[in-house]
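Structure first, then comments.
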């Protein structure tokens, strides 16, 4: 195969580019990494993602692809080893459903509804978050990973939970999931966070705690205006 | 295929429901359309989509598929012998999916806001909507490469994803007496909108604009009443 140029634009802390990095490494694809400082975005980032100006961006032979879930599908279609999506159309639709659920509901609730809120607003979101996470608990019945025996698209999409949830719990001083109500989710967190490749690519915990605490402060300050 | 093996739960006014309907039309697939009553959810809907309890839901051989664009991809994969809905090249597919996500997550929410915005807020939303349409015009020019549709000669994924909002776009233009799509800013999209709406796979499932205007007015009135009621 001719020399391919594969580049991932990321920050050190954001979970969304991690999805792309996991996918490429699981498939054994060589790539370069460009670290961005979102308070000082590079001209290249603005050129490659003019609409959203965000990470991740995947650059493949000079062509940019944006939006992490879109990138995951592109990666899966381009490099066929270690498939992330199943073959059966109905199973594929289910995988896409849960990946979207993760972004639309899980991330929204835990980050925007709980981490970035306080007092009554935060309190009221917690039962909603529990209901949302309960769907994930049920989806894990009889499975090691969301993808079944192996890591799949949904595991990569929800993977941030396996590490960042603990960090968020520490920042807000609240335990959101326990062994009694979420035994399968806790087991998945253990399996996923310590899996080969995944384990080696988590950002440093202490730095993340500091960063998320700062993001929370900033969000609360904005909310009080 | 027997008609009863394929059911679509939906409602005529919903842009999301239009998406699988257009896709099924493109594939010439027969299906039973089960219209949900506005204001209530059928038992079948609650059972088939317990997570979101929303339309559309496609039920194929008893198995439900939810989320409109996911349903469109499913239809494209299952009816693989019919005309293709997604492009074949992975990069083109990524571009189509990118803009599909954009219209859903960034553009359409502003159209909803427009229905209840007033004064300066209203002008701001209109500005944002037009800016978004200019981005989409640029995307159309690049992606269509001079052809009639985002999908080229045939309607494709992005035509379906964006085109389903045309009914509400036109209804909003009428309700607010404003032009969102116009010859000056978005000439390509103006032409595309007409061609898309007249397409055989689309015209029978596009809701009538006047009915949407009526529906939109009643929704806006309910929203305003709820707002004043709670303050």
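Please treat every number below as a calculation from the coordinates, not as lab data. In this text the structure is predicted, and so the values were computed from the model without any measurement. Glycine also receives a Cβ, built like all others from the backbone with ideal geometry; neighbour counts cover every protein chain displayed.
Arrange B:30, B:92 by Cβ neighbour counts within 10 Å, fewest through most, would you? Can you show the working numbers first?
Numbers: B:30 12, B:92 17.
The order, fewest Cβ neighbours first, is B:30, B:92.
May I ask you to sort A:39, B:218 by Cβ crowding, counting other Cβ atoms within 10 Å and putting the fewest first? Each step should come with its number before you reach the end.
Working: A:39 5, B:218 10.
Ascending number of Cβ neighbours within 10 Å: A:39, B:218.
Suppose a student asked you for the relative contact order of chain A, using Cα pairs under 8 Å spaced at least 6 residues apart; what percent would you report? Let's see the in-between values first.
Values: 248 pairs, mean separation 42.7, N = 225.
Relative contact order of chain A: 19 percent.
If you take the Cα Rg of region B:105-192 and divide it by 2.2 N^0.38 Å, with N the number of residues, what do you get?
Numbers: Rg = 13.2 Å, N = 88, 2.2 N^0.38 = 12.1 Å.
Normalised by 2.2 N^0.38 Å, the Cα Rg of region B:105-192 equals 1.09.
Which percent of Cα-Cα pairs in chain A sits in each 10 Å bin, short to long?
Reading the bins upward from 0: 7, 31, 37, 20, 4, 0.
Anyone know which of B:221, B:201, B:23 comes out most mobile in the 10 Å Cα GNM of chain B?
Result: B:221 has the largest fluctuation of those listed.
Among DSSP beta bridges lying fully in the protein assembly as shown, give the percent that are antiparallel, nearest 5. Present the calculation step by step, with values, prior to reporting the outcome.
Working: 18 of 26 bridges.
Once the DSSP bridges in the protein assembly as shown are tallied, antiparallel ones form about 70 percent.
Could you tell me the center-to-center distance, by alpha carbons, between region A:130-154 and region B:114-168 in angstrom?
36 Å
Show that you can apply the helix-only estimate: for the protein assembly as shown, add -39,500 (n - 2.57) for every DSSP H stretch of four or more residues, divide by all residues, and state [θ] at 222 nm to the nearest 500.
Details: 19 runs with 239 residues, N = 456.
Helices in the protein assembly as shown give a 222 nm mean residue ellipticity of -16500 deg cm²/dmol.
Of all beta bridges DSSP finds with both residues in chain B, what is the antiparallel percent, to the nearest 5? Each step should come with its number before you reach the end.
Numbers: 9 of 13 bridges.
Taking every DSSP beta bridge with both residues in chain B, the antiparallel ones total about 70 percent.
Determine the percent antiparallel among the DSSP beta bridges restricted to chain A, to the nearest 5. Could the numbers behind the result be given before it?
On the way: 9 of 13 bridges.
So the antiparallel bridges in chain A amount to around 70 percent.
Kirkwood Rh, Cα Rg: Rg to Rh for the protein assembly as shown?
0.95
With all distinct Cα pairs included, what does the Kirkwood hydrodynamic radius of region A:7-82 come out to in Å, to one decimal, could you say?
Working: mean 1/r = 0.0810 Å⁻¹.
Result for region A:7-82 stands at 12.3 Å.
For q = 0.21 Å⁻¹, what log10 I(q)/I(0) does region B:1-108 give under the Debye formula with an equal point scatterer on each alpha carbon and no solvent?
So the normalised log intensities are -1.18.
Could you work out the relative contact order of region B:103-208? I mean the mean sequence separation of Cα pairs under 8 Å and 6+ apart, divided by the number of residues, in percent. Don't jump to the answer; show the numbers that get you there.
Numbers: 81 pairs, mean separation 26.9, N = 106.
Contact order relative to length: 25 percent.
How many nm is it between the label spots at residue B:123 and residue B:219, if each spot is 7 Å from the Cα in line with the beta carbon?
For residue B:123 paired with residue B:219, the spin-label model returns 2.6 nm.
Between residue A:51 and residue A:221, what's the calculated FRET efficiency when r is the beta-carbon distance and R0 is 30 Å? Round to 0.05. Provide the component values of the computation, followed by the final result.
Details: r = 28 Å, r/R0 = 0.93.
Efficiency, from the Cβ-Cβ distance: 0.60.
Please give the Cα centre distance for region A:31-57 versus region A:173-225, rounded to the nearest Å.
Region A:31-57 and region A:173-225 have Cα centres separated by 24 Å.
Once label points are set 7 Å from the Cα along Cα→Cβ at both residue B:42 and residue B:105, what is their separation, rounded to one decimal in nm?
3.2 nm
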